[in-house]
1. If you check Val281, Val254, which single one turns out to be modelled with pLDDT of 95 or more and away from ligand 2 (no atom under 16 Å from the Cβ)?
2. Any residue in the stretch 254-268 that's over 13 Å from Asp200 (Cβ atoms): show its pairings with residues that are at pLDDT below 95 and among the aliphatic types (A, V, I, L, M) at Cβ separation under 9 Å, as long as the two are six or more apart or on different chains.
3. Among (1) more than 12 Å from ligand 1 (Cβ to nearest atom); (2) touching a Lys or Arg at 6+ places or on another chain (Cβ under 9 Å); (3) under 19 Å from Ile99 (Cα atoms), there is one condition Ile169 misses while meeting the rest; what is its number?
4. Take the stretch 306-329 and flag every residue that is in contact with a Ser or Thr (Cβ under 6 Å, 6 or more places away or on another chain) and among the small types (Gly, Ala, Ser).
5. Would a scan of the stretch 407-419 turn up a residue that is in a loop (DSSP other than H, G, I, E, B) and either free of Cβ contacts under 8 Å to residues at least 12 places away in the same chain or farther than 23 Å from Leu223 by Cα (or both)?
6. Provide a single number: the residues in the stretch 217-251 that are hydrophobic (A, V, I, L, M, F, W, C) and assigned to a loop (DSSP other than H, G, I, E, B).
7. Kindly indicate the residue of the stretch 49-101 that is over 24 Å from Ala256 (Cα atoms), of a type in the set (Gly, Ala, Ser) and not in a loop (DSSP other than H, G, I, E, B) and also nearest to the chain's Cα centre (by Cα) among those meeting that condition.
8. Filtering the stretch 102-148 down to residues that are assigned to a strand (DSSP E or B) and of a type in the set (Val, Ile, Thr), which residue is nearest to Thr275 (Cα to Cα)?
Amino acid sequence: MKVMVVGGGGREHAIIKKLKESAAVTEIFALPGNGGIAADAVCVPVGAKDIDGMVKFATQNKIDYAVVAPDDPLVLGAVDALTAAGIPCFGPDKNAAIIEGSKVFSKNLMKKYGIPTAEYSVFSDAAEALEYVRTCPVPTVIKADGLALGKGVIIAQTREEACDAIKTIMEDRVFGDSGKSIVIEEFLTGPEVSVLTFTDGKALVPMVSSMDHKRAGDGDTGLNTGGMGTVAPNPYYTPEIAEICMKTIFMPTVEAMRKEGRPFKGCLYFGLMITPDGPKVIEYNCRFGDPETQVVLPLLKSDLFEIMRSVTEERLSGTQVEFSDGYACCVVAASKGYPSAYQTGYPIDIADDVTENVYVAGAKKENGKLLTSGGRVLGVTATAESLPEAVKKAYDAVKKVNFENMYYRKDIGKRALMAIGKDK
Ligand code: AMP
Ligand code: GLY
């Protein structure tokens, strides 16, 4: 079968490497892919937001199945357009992708269906929002309603910071129309857990849990990034917590979306915080997480393509979804300076014995050489039978990758190791 994957980051590379293991998959195309993905798929110069372009490519090339991985095309309706053109897809339609596309929608959904989340208020008028933060408790959390490249959340420690955030989002419109409305919510505390799940709108199967490391610097300092590394499973996600999440969060969300006439089919991502009052939803994503996918999929033992098709065909409950009992760690190598200004165009060296476990995010191929072209350049994943081994193996492997100005965090997995008493 000819499969096309929309997107061009480390997450897409991880999806493609897993799809390659499936006997049913004969050819994979990446739209647009990247210089590293080119080793595992045919890269096609169609942007991830170019919906007309992807429909045209899929029909002209008789694509049998499409996986739409990034948030933008999902929220813009890529799955609707491809499905209308007769291409079966993995991913939610536009109606369901709104669960990530609008924070106002997702907060109201959780309130209506009693799904645990932070208390909140919604504002579409800056003056009212400014008035509200004069008396609300701090710290407080300000969120732009729409997509904002993962940067639309500001934790304000003081009222002044809250006012600045409101002005930046609603008046200066730094996130464009995503800032027409905002959510101001209660500041929650506790460890964070990411849980990616497969759902066909009726059944839901959680994947192995994971822990992201969002800040640029060691010790969770510095600016927020797209993610500097991950480990799986997340030790804070105990079997007891998992059971509570299934009962009070996961299934209620699937049912709520169905009752709203927006059945969600695809990968539904739950960003959770394990608060002293139990697990609560911090955010929903309508897609695989990045770089969570780079630790979750290497632990999947079952056939990803078969699972994806069962989601599309709404027969997930009868499909085998099995994960190994092992552990995984992914360390992201970035261009020095990321997420602020950085330089690109440097040759990347990857030792042959680690290529298999490298997921390339920001690189292009020029005259046969792989060159850096983005902030997050690649992720190096290792799997092992224990978390300490996985972390050690990942760091050993990172040393076999090299490019000028390469930067990576030295403490990916440290917090997880501390949680299990294994950090020296
Ligand atoms: P997001 O961009 O929605 O993933 O949010 C970025 C980060 O902000 C999350 O990973 C949390 O660390 C933090 N965050 C979001 N909402 C809250 C909240 N209500 N309380 C505390 N931290 C939050
Ligand atoms: N790692 C968080 C995300 O994919 O949004």
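The values are calculated or read from the model by the stated rules, or taken from the named source; none is laboratory data. All figures in this text were calculated on a predicted structure; none of them were measured in a lab. Please note: Cβ atoms are built from the backbone with ideal geometry, for glycine as well, and neighbour counts cover all protein chains shown.
1. On the way: Val281 fails: away from ligand 2 (no atom under 16 Å from the Cβ).
Answer to the selection: Val254.
2. Hits for this filter: zero, empty list.
3. Checking Ile169 against (1) more than 12 Å from ligand 1 (Cβ to nearest atom); (2) touching a Lys or Arg at 6+ places or on another chain (Cβ under 9 Å); (3) under 19 Å from Ile99 (Cα atoms), the one that fails is (3).
4. Those that are in contact with a Ser or Thr (Cβ under 6 Å, 6 or more places away or on another chain) and among the small types (Gly, Ala, Ser): Ser310, Gly326, Ala328.
5. If we filter the stretch 407-419 for residues that are in a loop (DSSP other than H, G, I, E, B), which is where we start, we get 408-413.
Cutting the leftovers down to either free of Cβ contacts under 8 Å to residues at least 12 places away in the same chain or farther than 23 Å from Leu223 by Cα (or both) gives us none.
No, every residue in the stretch 407-419 fails to be in a loop (DSSP other than H, G, I, E, B) and either free of Cβ contacts under 8 Å to residues at least 12 places away in the same chain or farther than 23 Å from Leu223 by Cα (or both).
6. Initially, the stretch 217-251 is screened for residues hydrophobic (A, V, I, L, M, F, W, C), giving 223, 228, 231-232, 241-242, 244-246, 249-251.
Imposing the further condition that a residue be assigned to a loop (DSSP other than H, G, I, E, B) reduces the set to 228.
Final tally of qualifying residues: 1.
7. To start, the set of residues in the stretch 49-101 that are over 24 Å from Ala256 (Cα atoms) comprises 49-67, 81-82, 84-88.
Filter once more, keeping what is of a type in the set (Gly, Ala, Ser): 53, 58, 66, 81, 84-86.
From what's left, not in a loop (DSSP other than H, G, I, E, B): 53, 58, 66, 81, 84.
Values: Gly53: 24, Ala58: 25, Ala66: 18, Ala81: 23, Ala84: 26 Å.
Step by step, filter the stretch 49-101, then rank; the result is Ala66.
8. At the first step, the residues of the stretch 102-148 found to be assigned to a strand (DSSP E or B) are 117, 120-123, 140-144.
Next, only the ones that are of a type in the set (Val, Ile, Thr) stay: 117, 122, 140-142.
On the way: Thr117: 10, Val122: 23, Thr140: 16, Val141: 16, Ile142: 19 Å.
It comes out as Thr117.
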